[in-house]
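Down below is the structure, laid out as structure tokens.
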Amino acid sequence: MMVCRSCGKEERASEGYPCVDCGTFICMICSFRGVTLCKVCQELRDEQSGDTGRK
Ligand SMILES: [Zn+2]
Ligand SMILES: [Zn+2]
């Protein structure tokens, strides 16, 4: 079992995808919701894209 780094749920490693940035485990449910990044990478991206004028 692997722990999803986005929602914290435990899933089988075969039922998930790696974070596109760091390769950590993201479960299939999060992938269906459009999550491609783990919590840490998502927060980093939000910070980086927060003040580029995109609203
Ligand atoms: Zn998840
Ligand atoms: Zn990540």
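The values are calculated or read from the model by the stated rules, or taken from the named source; none is laboratory data. In this text the structure is predicted, and so the values were computed from the model without any measurement. Because the Cβ atoms are built from the backbone with ideal geometry, glycine has one as well, and the counts that use them run over all protein chains shown.
When T52 is tested against (1) β-branched (V, I, T); (2) away from ligand 1 (no atom under 13 Å from the Cβ); (3) at pLDDT 95 or above, only condition (3) is not met.
The set of residues in the range 9-27 that are more than 14 Å from ligand 2 (Cβ to nearest atom), exposed (fewer than 15 other Cβ atoms within 10 Å of the Cβ) and not hydroxyl-bearing (S, T, Y) comprises K9, E10, R12, A13, E15. Checked against (1) more than 10 Å from ligand 2 (Cβ to nearest atom); (2) in contact with a Lys or Arg (Cβ under 9 Å, 6 or more places away or on another chain); (3) hydrophobic (A, V, I, L, M, F, W, C), F32 passes all but a single condition, namely (2).
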